[in-house]
Amino acid sequence: MHFLIIGGSDAGIAAGIRAHELDPTCEITLVLADEYPNYSICGLPFFLSGETPDWHSLAHRTEFPGIRLMPNHAAESIDPIGKSVVVRNGSGVQLELRYDKLLIGTGARPVRPNIEGFYLPGVFPLHTMEDSFAVHRFMEEQQPKSAIIVGAGYIGLEMADALTHRGIRVTIASRTETVLATVDPVYGRLVEAELQRHGVEVWNQVEVTSIQSLDSQLSVLGTQNFSRTADLVLVAVGVQPNSDLGATAGILTGTKGALRVNRRMETNLADVYAAGDCVETWHRLLNRYAYLPLGTTAHKQGRTAAENAIGNNREFAGSLGTQVVKLFDLVAARTGLRDHEARRAGFDSFTAQTTVWDHKAYYPGARELHLRITGDRTTGCLLGAQLLGHKNSEVSKRADIFASALYHNMRVEELNDLDLSYTPPLSSPWDPVQMGAQFWANAVRKESPVVIPSA
Ligand SMILES: Cc1cc2nc3c(=O)[nH]c(=O)nc-3n(C[C@H](O)[C@H](O)[C@H](O)COP(=O)(O)OP(=O)(O)OC[C@H]3O[C@@H](n4cnc5c(N)ncnc54)[C@H](O)[C@@H]3O)c2cc1C
């Protein structure tokens, strides 16, 4: 059996590894358009900040037993009838590769907004290793003192942290109401305060319209009279599925043009699977497909596809949209649905917010941890959680407890039954997760005077 994989990042590599684990006799070929198999693009902000100075260390493995890697080979077309793929290598030579089973893991590409001057020197997107090298080269050669980041999603914010770390003065311009629009505005504003505490200037509800060269700088203009100059501009306004290859071959597409797959990660073409940022993702709570491009999801989908390709029967369990980001000393995380998302999906949602100590207040270093829990008033089921706290407050561990509870359809009150670990320097006999759950339940029963509706 020849398993051909297109794409050498999270989805593709996870698939290749799993196929070889389960069937070492399976012939596996992996083609990727660039030269960086298995490189963690999630690590790019930390390479650019200088915290991980050697980009080579972004890949913990560069060789995979049982997988024939073909870097610098871009797939150009798929013939689903003849079961072959035409690829072109870096020297322009074309060759045809036959397959028994095919996986498409071509990922995403950054949205290129309609901003005049987007292609000027000194203006960069950030999605690939090559993008990061271009930014890095510019920083080494031009020694920029200031930067404007267009977009305040997690990549834009991680880059605000990274550039500040390098001593560059950062301004963020975003069209959202607050930064980090994946959490409620009340938390977005706390993130904003952390950015400002580190000298980052934040402009919300600004639509950047043009970038112009002005002397040796770049002048960025937008709505709300936004007008700033800087040495470097980074545009991070989201991604879109890189699905053209699959779509041209006849694979149906859905949300945002992502490839349609079932939960076995099969497309509508026989023996053709797809996984990662190029596909629609099954949402476990919404019971429908959505576009949720995340590295964690890409790995699981690639693994699921490989299991099915070698003859097992496995379904992707679905995403909860669990995500976490560190910005300076702050960590923000979310899992599941926010109030308005749950309401739109037909749940009787109710959100309560509380702030507790991350560990026993008598032990040095206790800090406030903010929790915002969304549950269903009728069934008592947990629907989602947002958390914000200091980077040493085990925010992601706590978000993951909520994610695990969501996976098992737990009721909010059942969180109190979990046997969680405790020692005063790290937690309390009731972990903050459980204090939040108790607060939510009391608020629902109208026993608590403080209920903060979703902003
Ligand atoms: C700066 C940054 C930070 C991030 N941080 C996080 C994080 O902290 N946590 C998280 O969960 N996610 C994070 N993500 C998202 C995560 O990196 C992606 O969800 C993940 O990389 C998707 O993996 P993928 O395999 O689907 O696609 P990609 O990583 O996009 O890789 C696509 C692969 O396909 C290859 N390819 C494309 N077209 C062709 C073709 N025609 N022929 C051959 N090969 C082709 C490419 O060369 C590449 O190997 C981050 C992303 C970025 C950009």
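The values are calculated or read from the model by the stated rules, or taken from the named source; none is laboratory data. If you're wondering where the values come from, they're calculated on a predicted model, not measured in any experiment. Cβ atoms come from the backbone with ideal geometry, glycine included; neighbour counts cover every protein chain shown. In case anyone asks, the SASA skips ligands and DNA or RNA and just uses the protein heavy atoms, side chains included. Shrake-Rupley method; radii C 1.70, N 1.55, O 1.52, S 1.80 Å.
Results for (1) within 12 Å of the ligand (Cβ to nearest atom); (2) not small (G, A, S); (3) not in a strand (DSSP E or B), shown as yes or no for each residue.
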site: Q240; (1), (2), (3): yes, yes, no
site: G250; (1), (2), (3): no, no, yes
site: K256; (1), (2), (3): no, yes, yes
site: R263; (1), (2), (3): no, yes, yes
site: Y273; (1), (2), (3): no, yes, no
site: D277; (1), (2), (3): yes, yes, yes
site: W282; (1), (2), (3): no, yes, no
site: L286; (1), (2), (3): no, yes, yes
site: H299; (1), (2), (3): yes, yes, yes
The correct count of residues that are closer than 30 Å to R372 by Cβ, in a helix (DSSP H, G or I) and either among the aliphatic types (A, V, I, L, M) or away from the ligand (no atom under 15 Å from the Cβ) (or both) in the stretch 301-342 is 4
Residue identified as without any contact (Cβ under 8 Å) to a residue 12 or more places away in the chain, more than 16 Å from the ligand (Cβ to nearest atom) and open to solvent by 20 Å² or more (accessible area, probe 1.4 Å) among R189, R197, R169, R175 | R189
Within the stretch 288-297, residues more than 10 Å from the ligand (Cβ to nearest atom) and either part of a loop (DSSP other than H, G, I, E, B) or open to solvent by less than 60 Å² (accessible area, probe 1.4 Å) (or both) come out as A290, Y291
Scan of the stretch 7-41 for residues that are open to solvent by less than 10 Å² (accessible area, probe 1.4 Å), hydrophobic (A, V, I, L, M, F, W, C) and within 8 Å of the ligand (Cβ to nearest atom), ordered by number = A11, I13, V31, L32
So I28 fits all but one of (1) in contact with a Ser or Thr (Cβ under 8 Å, 6 or more places away or on another chain); (2) part of a strand (DSSP E or B); what number is the exception?
-> (1)
Filtering the stretch 61-120 down to residues that are charged (D, E, K, R), surrounded by 16 or more Cβ atoms within 10 Å (Cβ to Cβ) and closer than 28 Å to Y291 by Cβ yields K101, R109
The lone exception for S227 - which of (1) in contact with a Leu (Cβ under 8 Å, 6 or more places away or on another chain); (2) within 12 Å of the ligand (Cβ to nearest atom); (3) free of Cβ contacts under 8 Å to residues at least 12 places away in the same chain it fails = (2)
Considering the stretch 42-54 alone, what residues qualify as being within 13 Å of the ligand (Cβ to nearest atom) and open to solvent by 60 Å² or more (accessible area, probe 1.4 Å)?
-> C42, F46
With respect to A385, is the statement that it is of a type in the set (G, A, S) and within 23 Å of V325 (Cβ to Cβ) true?
-> yes
